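The values are calculated or read from the model by the stated rules, or taken from the named source; none is laboratory data. Predicted model only: the values in this text are computed from it and were never measured. Here the Cβ positions follow ideal geometry from the backbone for every residue, glycine too, while neighbour counts run over all protein chains shown.
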Amino acid sequence: MKRTKVIDALQVLPQRGSGEGAMICVKGWVRSKRDSKGIFFIALNDGSTIKNIQIVGDDAKFPEETVKRITTGACLCVEGKLVESPAAGQTSEIQATAIEILGDCDNTYPLQKKGASWEYLRTVAHLRPRTNTFGAILRIRHNMAMAIHTYFHEHGYFYFHTPLITASDCEGAGNMFQVTTKNLYDLKKDEQGKILYNDDFFGEQTSLTVSGQLEGELGATALGAIYTFGPTFRAENSNTPRHLAEFWMIEPEVAFLDQEELMDLEEDFIKYCVRWALDNCKDDLEFLNKMIDKSLIERLEGVLKETFVRLPYTEGINILQEAVKNGKKFEFPCNWGDDLASEHERYLVEEHFKKPVIMTDYPRSFKSFYMKQNEETSDGGSVGYKGAVAPGPTMQGTDVLFPSIGEIIGGSVREESYDKLLAEVERREMDLTHLTWYLDTRKYGSCPHAGFGLGFERLILFVTGMQNIRDVIPFPRTPGNAQF
Ligand code: 4AD
Ligand code: MG
């Protein structure tokens, strides 16, 4: 008999009152089994939905040996009649006529007990997708990917594939994983002891990319509007609930976009994704709302109603310093020129404004070389978004800060002036040899353009209400952990 998915079986209601339903076949894994007065009840799940289908069987009608093998985790093929269910909370159930054990599961199965800790589940990441919570998260993750592709496709962006192996460091932070085929026991070096790469696979030093942005800009300055969506790699030793060494990033890059339009895009795009989740992941969100975070759905709906605050960094610092004056304690300093720590971002978003914030016009000192430089004033300050004055040089960054997450998007207008960009590269003593192709975009028909990067897992954290980024990707890569 042809298999019916559980999600479909649950939609087919047998004729009310007739007691007779269609014969169907379902396949899946046993979530639980209980016995009562010679009747067994199995909750079967096949991953197509958070919901289980109930299988009811008469002990007397099945070989004892088969019934014994129906254990938590076992994989079954069940044939039977789909009937209206007398049980509360479910519409239909299956009266089993035949059960085949496709895969036995003994009592060493690591997911037998309910209520296992997140830490424990990470040690069995090869099996945790079979739990209710991870099933829900992974279905939502898929739906978010579809939302992203649909948004950009509908808005005329082209999906542009940027390389994962690269010889340049987009963020200039040096947190890169090297790619080499060299024998690490026998490295050739020059007189100063520097490793020579001319005999390596690519003939030069290469790494895994930290961002597809630089190549994305090449796409945008030809196709008008592109986006990337792929894995990125960062060898930063950040053991936090918000950092992965391998994460997925979405990076739109658009020609002829100014700072205001970039912020409009960031806000519209995030809201579209959140709305998509509410429209398409109802069952899974309701489950997470019940089990993980009772205010999840309310928070998602709340974001759709809010207008994001647009806040120059300098004003943000003023608010933080005012808070400190009034007795607020932060672990890290927040003087003008300091990069904000996540405690600062969260104070602004969760306590001060109580809504998402797009922060603009960051000091040049800790932002990337490619950002558009704001006009400088004669006293060494600068003028940014809507005329906001800053005491030092600033750049047109536009990061989106979110409740419970902190930075979810990092974006900026790009410096389109060849001379200014070159001066910045030189000021930072960056290696020009790997950037000549990038500077060419400013040399040949340069245009104003802007873009951003959204951390996919940070979006999934927000949409699922989960607390740790290791629990929203199937197989997390973090310092000291590359298992599975
Ligand atoms: O702010 P970032 O470093 O920006 C860039 O890489 C730009 N080149 C993007 C662009 O303009 N095209 O990273 C962008 C986002 C962050 O806001 C955060 O959401 C996420 O990527 N992110 C991480 N997510 C998980 N683990 C990490 N280690 C992350 N580092 C950044
Ligand atoms: Mg950033």
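Here segment 394-410 is the region considered, the condition is being in a loop (DSSP other than H, G, I, E, B) and more than 9 Å from ligand 1 (Cβ to nearest atom), and the residue that is surrounded by the most Cβ atoms within 10 Å (Cβ to Cβ) is PRO403.
Yes/no matrix, rows are residues, columns are (1) modelled with pLDDT under 95; (2) surrounded by fewer than 16 Cβ atoms within 10 Å (Cβ to Cβ); (3) under 26 Å from ARG128 (Cβ atoms):
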| position | (1), (2), (3) |
| --- | --- |
| ARG31 | no, no, yes |
| ASN45 | no, no, yes |
| LYS61 | no, yes, no |
| THR66 | no, yes, no |
| THR72 | no, no, yes |
| LEU82 | yes, no, no |
| GLN112 | yes, yes, yes |
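Checking each residue in segment 429-470 for being more than 13 Å from ligand 1 (Cβ to nearest atom) and over 30 Å from PHE256 (Cα atoms) picks out VAL463, THR464, GLY465, MET466, GLN467. The residue list PHE269, PHE247 contains one member that is within 20 Å of ILE148 (Cα to Cα) and part of a strand (DSSP E or B), which is PHE247. The number of residues in segment 324-345 being surrounded by fewer than 18 Cβ atoms within 10 Å (Cβ to Cβ) and either outside any loop (DSSP other than H, G, I, E, B) or in contact with a Lys or Arg (Cβ under 8 Å, 6 or more places away or on another chain) (or both) comes to 4. Among the conditions (1) surrounded by 17 or more Cβ atoms within 10 Å (Cβ to Cβ); (2) modelled with pLDDT of 95 or more, ALA423 misses just one, which is (1).
Of the residues ARG310, ARG275, the single one that is outside any helix (DSSP H, G or I) and of a type outside the set (Asp, Glu) is ARG310.
Only one entry in VAL413, VAL472, VAL463 is surrounded by 14 or more Cβ atoms within 10 Å (Cβ to Cβ), among the β-branched types (Val, Ile, Thr) and either over 26 Å from GLU298 (Cα atoms) or within 16 Å of ligand 2 (Cβ to nearest atom) (or both), namely VAL413. Among the residues of this structure, GLY212 counts as one that is surrounded by 15 or more Cβ atoms within 10 Å (Cβ to Cβ), within 17 Å of GLY455 (Cα to Cα) and not aromatic (Phe, Trp, Tyr).
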